[in-house]
Amino acid sequence: MSAGILKAQGLCKSYKNKEVLHNLDLEIEPGKIYGLIGRNGAGKTTLLGILTAQNTKNSGQVTYDGQDVWENQRALNDICFSREMQATLFSGPNNLKIKHYLRSAAIYYPHWDQAYADRLLEEFKLETKKKISQLSKGQMSMVTILIALASRSPVTILDEPAAGLDVVMRERFYQLLLEDFAQTGRTFIVSTHIIEEAASVFERVIILDEGRIIENAPTEELVDQFRYVSGRDDVVDRACSGLQVLMTHQMGRHKTVAVRGDAVRLAAEEDVDVSPMNLQNVFVALCGHGDAQ
Amino acid sequence: MRGTLNDQSLIYLQIARMLEDDILRGVYQEEDQVPSTNELARGYNINPATAAKGLNLLAADGILYKRRGIGMFVAKGAEEAVRRKRKAAFYNGYVKPLVKEGASLDLTGAELLDMITQAMKEEKA
């Protein structure tokens with residue numbers, strides 16, 4: 001499937017007087033699965049909304065295959081942003097039924113695959129005449145996932161697809177995603193708070209922190225830059241001088257720090273333990289800002 | 001191959017290591033085809049690019065080789081190559097930590113060597 005590059009340059013976005021995205025640049029290359037992670041309020045959904053021309057921006061530019069995406073049917077034909085379902089719509093319950101969502105998706109997305117949608121409906125045991133407001137949180141996520149997958153859009157974006165799904169369904173979701181990716185090689189951007197179980201699925205990870213992209217890198221290369229170093233406090237301090245220390249945890253004289261840089265050699269040079277971190281640990285170290293102790 | 005990825009090391013390294021284990025164990029013999037990128041991706045729920053990185057690492061070490069359009073195969077002499085590679089890593093990965101732990105327990109060199117001799121006897125029996 002041929003897809004273009006989705007590119008944001010100098011994006012700024014404010015709600016009232018509060019700027020939530022600060023001069024942000026991002027490039028999404030075709031044929032990769034991206035993970036987008038960030039804390040609550042980091043600006044993930046706002047960013048995804050702007051990338052897909054569903055939300056306005058104050059300044060900057062979003063292009064797909066070199067064309068501005070705003071009100072650009074040709075570009076938007078290739079892009080699907082399957083948003084989280086809401087149980088309420090305007091001021092009342094969301095009385096639209098699953099079939100209404102499916103029908104409009106079939107009209108809106110030119111690559112829509114009805115047979116695939118039917119297969120997923122059956123697998124997820126969803127009844128199309130049910131109202132959205134009657135669905136459980138997990139079922140709402142299933143509708144979001146179904147629309148995203150069946151859209152067959154060259155660039156497909158899922159916002160928190162794992163929220164509300166039980167662990168069996170989450171695993172199944174990542175399986176479906178990888179199966180689809182193996183067949184089509186389309187681009188996916190998946191935002192999630194359940195980081196660790198998704199880490200192995202993401203070829204690249206984008207970390208959004210307080211409206212800025214602080215990392216956009218191959219997942220394993222990023223994770224491999226970080227280590228925990230622990231031991232007696234003065235030894236740890238000596239060993240880690242010259243390295244970037246992101247987080248410190250002290251219990252008595254025992255100190256553990258999260259460092260970025262060449263820490264593997266330290267275990268041979270000093271009496272400290274050096275252990276690897278996972279993506280979730282790295283995320284907390286980079287975005288914790290002292291909230292996690 | 002092992003059913004799950006569970007340690008903290010990088011996934012592509014785990015994939016490479018699992019395949020090496022299987023080559024040592026004779027699960028895959030010379031000229032056998034190993035699982036493809038997509039099979040590994042599906043089997044372990046990992047990104048195909050990660051699986052490919054693991055396979056390519058073994059290809060670079062001369063343990064696997066690629067047949068265009070077909071897949072990856074176990075190279076001639078792969079078992080020996082895995083053994084050589086593992087032996088090179090054995091000193092740093094096993095011997096040094098063993099000696100370090102022994103020293104922190106105040107074990108003498110003689111005691112450590114006795115234990116190794118003992119363990120070797122048990123392994124044989």
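The values are calculated or read from the model by the stated rules, or taken from the named source; none is laboratory data. All of these numbers come straight from a predicted model, not from anything done at the bench. FYI the Cβ positions are ideal-geometry reconstructions off the backbone, even for glycines, and counts take in every protein chain you see.
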Looking at A:Ser91, A:Ser136 in this structure, which one is at pLDDT below 95, in the same structural domain as A:Val20 (by TED's automatic domain parsing) and closer than 27 Å to A:Gly43 by Cβ? A:Ser91
A:Leu222: within 13 Å of chain B (Cβ to nearest Cβ), touching a residue at least 40 places away in the same chain (Cβ under 8 Å), within 30 Å of A:Glu29 (Cβ to Cβ) and in contact with a helix residue (DSSP H, G or I) (Cβ under 8 Å, 6 or more places away or on another chain), yes or no? yes
Among (1) in the same structural domain as B:Asp22 (by TED's automatic domain parsing); (2) over 24 Å from B:Ile15 (Cβ atoms); (3) among the hydrophobic types (A, V, I, L, M, F, W, C), which single condition is B:Ala41 missing? (2)
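Going by the conditions given, is A:Asp159 surrounded by fewer than 19 Cβ atoms within 10 Å (Cβ to Cβ), in contact with a strand residue (DSSP E or B) (Cβ under 6 Å, 6 or more places away or on another chain), on the phi < 0 side of the Ramachandran plot and more than 14 Å from chain B (Cβ to nearest Cβ)?
In short, no.
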Quickly run through the range A:139-164 and pick out the residues that are assigned to a loop (DSSP other than H, G, I, E, B), at pLDDT 95 or above and in contact with a Gly (Cβ under 9 Å, 6 or more places away or on another chain). A:Pro154
Need the failing condition index for A:Ala217 against (1) part of a strand (DSSP E or B); (2) within 14 Å of chain B (Cβ to nearest Cβ); (3) without any contact (Cβ under 8 Å) to a residue 12 or more places away in the chain, just the number. (3)
A:Cys80, sole failed condition from (1) within 13 Å of A:Ile157 (Cβ to Cβ); (2) touching an Asp or Glu at 6+ places or on another chain (Cβ under 6 Å); (3) assigned to a strand (DSSP E or B): (2)
Restricting the range A:225-268 to residues that are part of a helix (DSSP H, G or I) and free of Cβ contacts under 8 Å to residues at least 24 places away in the same chain, the one farthest from the other protein chains (Cβ to nearest Cβ) turns out to be A:Asp237
Out of the range A:186-213, which residues are touching a residue at least 60 places away in the same chain (Cβ under 8 Å), more than 19 Å from A:Leu51 (Cα to Cα) and either more than 9 Å from every other protein chain (Cβ to nearest Cβ) or not in a loop (DSSP other than H, G, I, E, B) (or both)? A:His193, A:Ile195, A:Glu196, A:Ala198, A:Ala199
Output for the range A:100-131, where each listed residue is without any contact (Cβ under 8 Å) to a residue 12 or more places away in the chain and farther than 22 Å from A:Arg172 by Cβ: A:His100, A:Arg103, A:Ser104, A:Ala106, A:Ile107, A:Tyr108
Inspect all residues belonging to the range A:90-107 and state whether any of them is of a type in the set (Gly, Ala, Ser), under 28 Å from A:Phe202 (Cβ atoms), surrounded by fewer than 21 Cβ atoms within 10 Å (Cβ to Cβ) and in contact with a Lys or Arg (Cβ under 8 Å, 6 or more places away or on another chain). no
For B:Pro97, only one of the following conditions fails: (1) assigned to a loop (DSSP other than H, G, I, E, B); (2) within 14 Å of another protein chain (Cβ to nearest Cβ); (3) surrounded by fewer than 18 Cβ atoms within 10 Å (Cβ to Cβ). What is its number? (1)
Test A:Ile194 against the stated conditions and say whether it is in contact with a helix residue (DSSP H, G or I) (Cβ under 9 Å, 6 or more places away or on another chain), in the same structural domain as A:Leu158 (by TED's automatic domain parsing), over 30 Å from A:Asp166 (Cβ atoms) and not hydroxyl-bearing (Ser, Thr, Tyr). no
